[in-house]
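Contents: one structure, followed by commentary.
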Amino acid sequence: MSGVWTQSERPFSGEGPDTGVSGEKALSLSTPDTALTLSTLLGYQRANGPRMNQQAILDSLNSANLKTDLPLMDPGDTINVHLRIIEGEKERIQIFQGVLIARTGRGVNEMITVRRIVEDTGVERILPLNSPKIAKIEVVRRADSRRAKLYYLRDRVGKSRRLRDRRRGMKHVEGQAVTEG
């Protein structure tokens, strides 16, 4: 790209591709077809549109990778996670059923922690929610919990490990039967 750097003495008006404090000097690259300012070259402003911050750019790129078929699930719910297991050339689905004890992150980086008990030993899996390895998630049982992280369940043994079933306010959840009792 051939061009000559020139220095313009005009003050900034706040309009057009120039931004900054009035009275500053701007460097511009003068070519027959374009005139680029230093702020555009450094990435402070897009050349053909409004200013966009880095977080907005990342969110727009990541929104294409988000799953839209996830059910409403809260910590304490018992869920079935259908995982795709690839062994050689074969692919099969394995179901991991457990209690959702934590949900962290947002967007593409959202993770869930699912805990189950296998032969008196606790097994936890930390799974990325938007991973292609997760085929489907089903909510089996909804529990009433007042905390966002249920790490205290790791220390519980026996019947104290159980969570109270949620029976009130289930009308807004689609596909869930309300039991009277």
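Only the coordinates and a few stated rules stand behind these numbers; no lab work does. Because the structure is predicted, anything quoted here is derived from the model rather than measured. Virtual Cβ from ideal backbone geometry, glycine too; neighbours counted across all protein chains shown.
For Asp165, the amide hydrogen comes within under 5 Å of the amide hydrogens of Asp144, counting only partners 5 or more places away or on other chains and with H modelled in the peptide plane. Under a 5 Å amide H cut-off, with hydrogens placed 1.01 Å from N, Ala135 pairs with His82, Leu83, Arg84 among residues at least 5 apart or on other chains. Projecting the alpha carbon convex hull of region 78-159 along each direction and taking the average yields 6.6 nm².
One chain, two ends: Arg146 and Asp165. Fully extended at 0.36 nm per residue, the span grows by 5.6 nm beyond their Cα-Cα distance. Sequence-ordered 3J(HN,Hα) estimates for region 67-81 from the Karplus curve with 6.51, -1.76 and 1.60 and θ = phi - 60° stand at 7, 10, 9, 7, x, 6, 9, 10, x, x, 6, 8, 10, 9, 9 Hz, glycine and proline given as x. Residues Ser145, Ser60 in ascending order of nearby Cβ atoms (within 10 Å, fewest first): Ser60, Ser145.
Electrostatic tally near Ala102: other residues with Cβ closer than 13 Å to its Cβ, Lys and Arg +1, Asp and Glu -1, net +2. Extension gain, Thr121 to Phe96: 0.36 nm times the residue separation minus the Cα-Cα distance gives 7.5 nm. Each of Val123, Val114 was scored by other Cβ atoms within 10 Å of its Cβ. Listed from fewest to most, they are Val123, Val114.
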